[in-house]
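> I am attaching a structure below and will ask some questions about it afterwards.
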């Protein structure tokens, strides 16, 4: 009897151990199974590509933040509606028709800066064989009308504080020391150095729209300034100002005066690497006067938007929620944008 009882107890004990083992394996499986995050596909203009790098850096540190797979596209909103991408970052104002069927989140504020070579901005004297040729105080106090003339190709002449050297004065004469004789008032054309395919850079679209210019019709048939391999504005700035023949490491150059543009965000880091300077427009400096961006008094102010479909995936909405959170807004500020104002 005792022997049979031991056998019965053994069977019960065996079943208990078996059940516990199965439960342990199931529980362990639940804890070990890792749900892989799916990258959020995002289409952007070239001036917002940098944002993806910032998000992905943060996603590596925080598993709760979805990584993004970002590509530059000039048809990003159409691609979003066709289901070819999960979301769109845009630095221009979407039209009412474009917003149909989409959710629109404003993430931050930014602006388009009008820039040129800092050596050019400072002005100076250019000499040939020891003889001054011209001098200038540089480009200062530009207005929106002046920018419009330059961007539209109508031509704008720098005449104030620009002087040509009077080569008729004998360099050995005492007259060489008389400014009113040595320097003859002159003028010099200012040109726009950047042209891109319409839609590739929202900075260009915002600039043209703000000036009342039709970007597509004006640039139709024009050859883009840069080659197609330049997808982010940092690359363009580096190419133009480090690879051009008028950005000199030594000495102050006053010609040619070539205007360009980039986002305010880029200008928070570009001067550390490239000799560029933003110009005041209508007396407003977009870098030192952020309030002018928030209230729109700076003429080329803009907002950074995130567009998603109404039936977006959980990963896409998780990204939106993150970027609107205090931590996400801190990321936008670290990226160089002006974060949303707290209520």
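> Given the residues 137, 149, which is the only one that is surrounded by 12 or more Cβ atoms within 10 Å (Cβ to Cβ), within 26 Å of residue 298 (Cα to Cα) and free of Cβ contacts under 8 Å to residues at least 24 places away in the same chain? Steps first, please.
On the way: 137 fails: free of Cβ contacts under 8 Å to residues at least 24 places away in the same chain.
The unique qualifying residue is 149.
> Would you call residue 166 touching a strand residue (DSSP E or B) at 6+ places or on another chain (Cβ under 9 Å), without any contact (Cβ under 8 Å) to a residue 24 or more places away in the chain and either assigned by TED's automatic domain parsing to the domain that holds residue 286 or surrounded by 15 or more Cβ atoms within 10 Å (Cβ to Cβ) (or both)? Steps first, answer last, please.
Details: touching a strand residue (DSSP E or B) at 6+ places or on another chain (Cβ under 9 Å): yes; without any contact (Cβ under 8 Å) to a residue 24 or more places away in the chain: yes; either assigned by TED's automatic domain parsing to the domain that holds residue 286 or surrounded by 15 or more Cβ atoms within 10 Å (Cβ to Cβ) (or both): yes.
Yes.
> Also: Evaluate the following for residue 272: is it buried (at least 17 other Cβ atoms within 10 Å of the Cβ) and modelled with pLDDT of 75 or more?
Working: buried (at least 17 other Cβ atoms within 10 Å of the Cβ): no; modelled with pLDDT of 75 or more: yes.
In short, no.
> Has segment 118-130 got any residue that is closer than 25 Å to residue 271 by Cα, modelled with pLDDT under 95, crowded, with 16+ Cβ neighbours inside 10 Å and in contact with a helix residue (DSSP H, G or I) (Cβ under 9 Å, 6 or more places away or on another chain)?
yes
> Quick check on segment 183-205: of everything there that is surrounded by fewer than 19 Cβ atoms within 10 Å (Cβ to Cβ) and more than 19 Å from the chain's Cα centre (by Cα), which residue is farthest from residue 126 (Cα to Cα)?
191
Residues are listed down the side, and each one gets a yes or a no for (1) crowded, with 23+ Cβ neighbours inside 10 Å; (2) farther than 17 Å from residue 234 by Cα; (3) in contact (Cβ under 8 Å) with a residue 12 or more places away in the chain:
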residue	(1), (2), (3)
39	no, yes, yes
43	yes, yes, yes
46	yes, no, yes
71	no, no, yes
81	no, yes, yes
89	yes, yes, yes
94	no, yes, yes
97	no, yes, no
111	yes, no, yes
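The values are calculated or read from the model by the stated rules, or taken from the named source; none is laboratory data. All figures in this text were calculated on a predicted structure; none of them were measured in a lab. All Cβ positions, even for glycine, are placed from backbone atoms using ideal geometry, and neighbour counts span all protein chains on display.
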